[in-house]
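Chemist: This is the structure, below, for whatever I ask next.
The values are calculated or read from the model by the stated rules, or taken from the named source; none is laboratory data. Everything numeric in this text was worked out from a predicted model, so none of it was measured. Methodologically, a virtual Cβ is constructed for each residue, glycine included, from the backbone with ideal geometry; neighbour enumeration extends over all protein chains shown.
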Amino acid sequence: MTAEVSGGVKPLAASDRVLAPAPYDCILLAGFGGPEGQDDVIPYLRNVTRGRGIPDERLEEVAHHYRHFGGISPINDQNRALKAALEAEIAARGLGLPVYWGNRFWAPYFADALRELHADGHRRVLVLVTTAFSSYSGCRAYREDLATALEETGLGGELVLDKVRQYFDHPGFVGPNVEFVLGGLRELADAGHGSHPYVMFSTHSIPTAAADVSGPREALPGGEPVPLGDGGGWYGAQQRAVCELIMEAVAEEYGEVPWSLVFQSRSGPPTQPWLEPDINDAIEALPEDVSGLVVSAIGFVSDHMEVLWDLDNEALETAEGRNLPMVRVPTVGVDPDFVSGLIDLVQERTDGTERQALTELGPWQDVCPTDCCLGRTPKATIASC
């Protein structure tokens with residue numbers, strides 16, 4: 001898919017990679033998965049780290065996060081709630097699309113979901129992924145694992161799987177996050193800590209090498225080359241763009257509030273560069289005159305384990321060590337506007353409705369080029385996005 005320009009061929013920008021509407025007959029909600037009891041924790045972590053040669057002794061160091069919560073990750077119940085909310089919104093719109101649910105790393109696995117929906121007679125599947133931003137782990141890895149599930153089940157010739165576009169700047173994602181940050185600032189003010197507030201947007205750290213090649217390498221929306229090593233590639237650019245939108249909206253009530261994008265949950269060896277600053281380091285470095293801190297887990301769509309542990313435990317402890325009041329605001333979860341926005345994305349692909357986006361980066365692409373968000377070893381993926 002290319003566009004002719006004077007003197008040769010110009011690579012397409014992400015916003016140019018749009019598919020025509022198609023008659024999908026069901027939705028697959030694609031999640032990460034998590035353990036649902038103490039006996040699940042180590043097997044689950046083995047799934048997540050498969051191929052890296054990490055011994056169980058090392059995994060147990062991470063397992064204590066889950067052990068603290070009885071071995072149960074909240075992510076599966078959150079996806080059950082999201083599935084129910086999507087079904088209700090679909091019914092309200094009269095779309096008649098059943099919703100199935102599958103995970104990358106725990107039951108129900110992608111292969112289980114594909115067998116189920118195929119047995120129910122469905123053949124053309126639209127995939128909703130529970131990540132909003134472009135990266136290998138947030139997009140391409142899902143497409144690769146879905147392709148593997150098609151091969152494992154032998155359904156590659158029977159099913160068509162397409163994924164909806166990244167929705168980082170869709171109003172359904174941005175709007176609730178604006179309200180949550182405003183709510184956090186109001187909470188600080190009501191408690192007498194609103195004189196000099198600060199906002200931190202926290203997202204999952206990833207290796208800088210992976211961040212640099214996140215998103216398509218073809219062209220910026222205006223046709224300019226995509227820079228490498230520029231603050232986290234598309235992954236960083238998308239998140240900063242959304243943070244700027246939120247803080248522009250916040251300024252209507254609070255004026256210019258200082259803010260920053262910070263990172264959490266890094267898991268690589270110390271010798272491997274990952275995106276920084278870590279949220280705890282960033283809290284320690286805040287000016288002394290900051291009266292209160294609002295933390296938004298902008299990189300996540302639900303209050304799962306990394307939010308509960310890394311923010312509600314570790315970051316809160318760091319803030320308390322500085323005697324700094326901290327409010328961690330909700331993630332979008334099953335917020336009605338977020339759920340409605342996800343079904344808007346479905347109708348883009350089924351009915352050709354308006355493609356909504358609030359930044360100059362979007363609307364994002366429906367189809368990923370082959371070099372988009374490359375991992376260490378390129379693998380087969382499902383066709384779109």
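Chemist: Of the residues that make up the stretch 349-370, is at least one closer than 25 Å to A147 by Cα, outside any loop (DSSP other than H, G, I, E, B) and out of contact with any helix residue (DSSP H, G or I) (no Cβ under 8 Å at 6 or more places or on another chain)?
Modeler: yes
Chemist: Residues of the stretch 241-264 being surrounded by fewer than 18 Cβ atoms within 10 Å (Cβ to Cβ) and of a type outside the set (A, V, I, L, M), which ones?
Modeler: E244, E248, E252, E253, Y254, G255, E256, P258, S260
Chemist: Can you spot a residue in the stretch 363-382 that is of a type outside the set (S, T, N, Q) and either modelled with pLDDT of 95 or more or under 27 Å from P258 (Cβ atoms) (or both)?
Modeler: No; the residues of the stretch 363-382 include none that is of a type outside the set (S, T, N, Q) and either modelled with pLDDT of 95 or more or under 27 Å from P258 (Cβ atoms) (or both).
Chemist: So which of V262, V339 ends up being assigned by TED's automatic domain parsing to the domain that holds S134, closer than 23 Å to G138 by Cα and of a type outside the set (G, A, S)?
Modeler: V339
Chemist: Right, something else. Select from the stretch 313-330 the residues that are more than 28 Å from the chain's Cα centre (by Cα) and part of a loop (DSSP other than H, G, I, E, B) and write down the one among them that is surrounded by the most Cβ atoms within 10 Å (Cβ to Cβ).
Modeler: L324
Chemist: For the stretch 93-121, how many residues are of a type outside the set (K, R), in contact with a helix residue (DSSP H, G or I) (Cβ under 9 Å, 6 or more places away or on another chain) and more than 30 Å from H204 (Cα to Cα)?
Modeler: The total comes to 5.
Chemist: I'm trying to understand the selection: among the residues of the stretch 46-102, which are of a type in the set (G, A, S), within 30 Å of G121 (Cα to Cα) and in a helix (DSSP H, G or I)?
Modeler: Matches in the stretch 46-102: A81, A84, A85, A88, A91, A92.
Chemist: Let me confirm something: among D366, D371, which residue is in contact with a strand residue (DSSP E or B) (Cβ under 6 Å, 6 or more places away or on another chain), charged (D, E, K, R) and more than 25 Å from G194 (Cβ to Cβ)?
Modeler: D366
Chemist: What's the total number of residues in the stretch 166-220 that are outside any helix (DSSP H, G or I) and either within 20 Å of G333 (Cβ to Cβ) or in the same structural domain as R143 (by TED's automatic domain parsing) (or both)?
Modeler: Summing the residues that are outside any helix (DSSP H, G or I) and either within 20 Å of G333 (Cβ to Cβ) or in the same structural domain as R143 (by TED's automatic domain parsing) (or both) in the stretch 166-220 gives 11.
Chemist: If N76 meets every condition in (1) surrounded by 13 or more Cβ atoms within 10 Å (Cβ to Cβ); (2) at pLDDT 95 or above; (3) in contact with a helix residue (DSSP H, G or I) (Cβ under 9 Å, 6 or more places away or on another chain) apart from one, which number is that one?
Modeler: It fails just one condition, (3).
Chemist: Can you list residue pairs whose Cβ atoms sit under 8 Å apart, with the first residue in the stretch 57-79 being over 12 Å from G37 (Cα atoms) and assigned by TED's automatic domain parsing to the domain that holds V339 and the second being buried (at least 17 other Cβ atoms within 10 Å of the Cβ) and among the charged types (D, E, K, R)? Count only pairs 6 or more apart in sequence or on different chains.
Modeler: Pairs found: Q78/D303.
Chemist: Hey, another quick one. Take D344 and decide whether it is of a type outside the set (A, V, I, L, M) and out of contact with any helix residue (DSSP H, G or I) (no Cβ under 8 Å at 6 or more places or on another chain).
Modeler: no
Chemist: Please tell me if L45 is at pLDDT 95 or above and aliphatic (A, V, I, L, M).
Modeler: no
Chemist: Confirm whether G292 is surrounded by 21 or more Cβ atoms within 10 Å (Cβ to Cβ), closer than 13 Å to T203 by Cα and not β-branched (V, I, T).
Modeler: It is false that G292 is surrounded by 21 or more Cβ atoms within 10 Å (Cβ to Cβ), closer than 13 Å to T203 by Cα and not β-branched (V, I, T).
Chemist: So, one more: Residues to consider are Y167, Y254; find the one that is over 22 Å from the mean Cα position of the chain (by Cα) and modelled with pLDDT of 95 or more.
Modeler: Just a single option satisfies the conditions, and that option is Y254.
Chemist: Sticking with this one: Quick one: which residue in L82, L159, L117, L97 is over 19 Å from C372 (Cβ atoms), surrounded by 17 or more Cβ atoms within 10 Å (Cβ to Cβ), of a type in the set (A, V, I, L, M) and under 17 Å from the mean Cα position of the chain (by Cα)?
Modeler: Criteria check complete, one pass: L82.
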